[in-house]
Amino acid sequence: MLTEAQLKDYRRDGYVLLRGLVDAEARARYERRFIELVETGEHPPDMVLMRDVMVVKGVVEPATPLHAVNKILNFESDPVLFDYVRDPRLLALARALVDEPPDGALHAISTNVFNKPPGVDGRHPLHQDLRYFRLRPPEGIVAAWTALSPCTRESGCLAVLPGSHHGPLHAHGDPDWEHVNAAFYGIERADTEARVHIEMEPGDTAFFHPLLIHGSGRNRSNDFRRAISAHYASPRCQTPGRDWKTGPHVRLVP
């Protein structure tokens, strides 16, 4: 499903963008399930519904429950949302990018639905996803990130530093911002002038390397900016002194 040119782009730039990969029917299921989880507040015990920091601190009064939630973490035990991770197209592409056989199994190690409401800051500073993982080598990990709504400069689309995955894992810390969501760490003195903004339509999917420096901006639109994502890891990855494949949020995806 990937051309040689696309593989070359991924190796050079650290990401590849595929237009219209996830169909409208699947996206509608994920959207409905996300809204149901937020509005009812009923969810599996290992799932986290993360409230936006500006709502938590009382700076913003949410108009609806959807305006209060920044993202959902750990949807591995939710069969509707986990269908995203099991999508055969995503699996085939992830296998190719981490250099696994076409019929090989992968592990899902991180799952999120990102919900950037209007009226809150919601920025994610430039960072590297490997900051959140102990697994190595990084070449055995890839992220899939699919737009569920239009992701534009105005609504706070992804921004990346092409080629930054060839560098090291940088030190991360809390940015010097007034409002920063929990665990939204950033790299100090990242080269913001080198950013490339990736505008995406619903169904467009970006795959990127865990060392790629990326982030997202403030939602200045009147609509939600929503996306679903997962990280895949090759079975050859290791964590020193620990059997990571038995972790609570690791799922084998044949």
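The values are calculated or read from the model by the stated rules, or taken from the named source; none is laboratory data. Small disclaimer: the values here were computed from a predicted structure and weren't measured. Here the Cβ is made from the backbone with ideal geometry for all residues, glycine too, and neighbour counts use every protein chain on show. For accessibility, only protein heavy atoms count, side chains too; no ligands or nucleic acids. Shrake-Rupley method; radii C 1.70, N 1.55, O 1.52, S 1.80 Å.
In a GNM of the chain with a 10 Å cut-off on Cα contacts, which of ALA230, ALA171, ALA147 has the highest mean-square fluctuation?
Answer for the Gaussian network model of the chain: ALA171.
Which value in nm describes the separation of the simple spin-label points at ALA182 and VAL56, placed 7 Å from the Cα toward the beta carbon?
For the pair ALA182/VAL56, the computed spacing is 0.5 nm.
Under the 0.36 nm per residue contour assumption, what length would be gained going from the current alpha-carbon distance of ARG29 and LYS245 to full extension?
74.9 nm
Tell me which lysines have Cα within less than 19 Å of LYS116's Cα, excluding those fewer than 8 residues away on the same chain?
LYS57, LYS71
Got a number for carbon plus sulfur as a percent of the stretch 1-79's accessible area, 1.4 Å probe?
Accessible surface attributable to carbon and sulfur in the stretch 1-79 totals 53 percent.
On full extension of the chain, what length is gained from ARG218 through ARG134, given 0.36 nm per residue of separation minus the C-alpha to C-alpha distance?
On the way: separation 84, 0.36 × 84 = 30.24 nm, distance 2.91 nm.
Here the answer is 27.3 nm.
State log₁₀ I(q)/I(0) for the stretch 140-219 at q = 0.12, 0.17, 0.18, 0.20 Å⁻¹ as given by the Debye formula over alpha-carbon point scatterers of equal weight, solvent excluded.
At q = 0.12, 0.17, 0.18, 0.20 Å⁻¹ the computed log10 ratios are -0.37, -0.76, -0.85, -1.05.
Rounded, prolate or oblate: which fits the stretch 111-161 when a ≥ b ≥ c are the square roots of the eigenvalues of the alpha-carbon gyration tensor, with rounded for a/c under 1.5 and prolate only if a/b beats b/c?
prolate
Which value, in Å², gives the accessible area per residue of the stretch 55-212 when a 1.4 Å probe is used on the protein heavy atoms?
Spelled out: the 1.4 Å probe surface of the stretch 55-212, per residue, equals 41 Å².
Quick one: length gained pulling GLU154 to ASP191 fully straight, 0.36 nm per residue minus the C-alpha distance? Mind dumping the intermediate values first?
Numbers: separation 37, 0.36 × 37 = 13.32 nm, distance 2.08 nm.
Taking 0.36 nm per residue and subtracting the Cα distance, the gain is 11.2 nm.
Exactly which chymotrypsin sites (Phe, Trp or Tyr not before Pro) in the stretch 150-254 are in a DSSP loop and have at most 15 other Cβ atoms within 10 Å? Intermediate values should be presented prior to the final figure.
On the way: sites: TRP177, PHE184, TYR185, PHE207, PHE208, PHE224, TYR232, TRP244; in loops: TRP177, PHE184, TYR185, PHE224.
Qualifying residues, ordered by number: TRP177.
Where the only charges are on Cβ atoms (+1 Lys, Arg; -1 Asp, Glu), what is the dipole of the chain about its Cα centre, to the nearest 20 debye?
Magnitude of the dipole: close to 340 debye.
Leaving out ligands, DNA and RNA, what percent of the accessible area of the stretch 128-245 is carbon and sulfur, probe 1.4 Å?
Roughly 46 percent, rounded to a whole number.
Can you pull the Kirkwood radius for the chain, inverse mean 1/r over Cα pairs, to one decimal in Å? Mind showing how you got there, number by number?
On the way: mean 1/r = 0.0542 Å⁻¹.
Mean inverse Cα-Cα distance, inverted, gives 18.4 Å.
Over the alpha-carbon set of the stretch 45-190, work out the extent along each principal axis and list the three values in angstrom, largest first.
Principal extents (Cα only, largest first): 50, 39, 30 Å.
Enter the Cα centre distance for the pair the stretch 140-202 and the stretch 66-110, rounded to the nearest angstrom.
Rounded to whole Å, the Cα centres lie 19 Å apart.
Once the whole set of protein chains is in place, how much accessible area is left on ASP103, using a 1.4 Å probe, in Å² to the nearest 10?
Probe radius 1.4 Å; accessible area of ASP103 about 130 Å².
Add +1 for every Lys or Arg and -1 for every Asp or Glu among the other residues with Cβ under 10 Å from the Cβ of ASP83, and state the total.
Net local charge, ASP83 excluded: +1.
Residues with beta-carbon under 13 Å from that of VAL180, excluding VAL180: net charge, scoring Lys, Arg +1 and Asp, Glu -1?
Numbers: positive: LYS57, ARG123, ARG218; negative: ASP52, ASP121, ASP174, ASP176, GLU178.
Combined, the nearby Lys, Arg, Asp and Glu give -2.
How much FRET efficiency would the formula 1/(1 + (r/R0)^6) give for VAL48 and LYS8, where r is the Cβ-Cβ distance and R0 is 30 Å, rounded to 0.05?
Efficiency, rounded to the nearest 0.05: 0.20.
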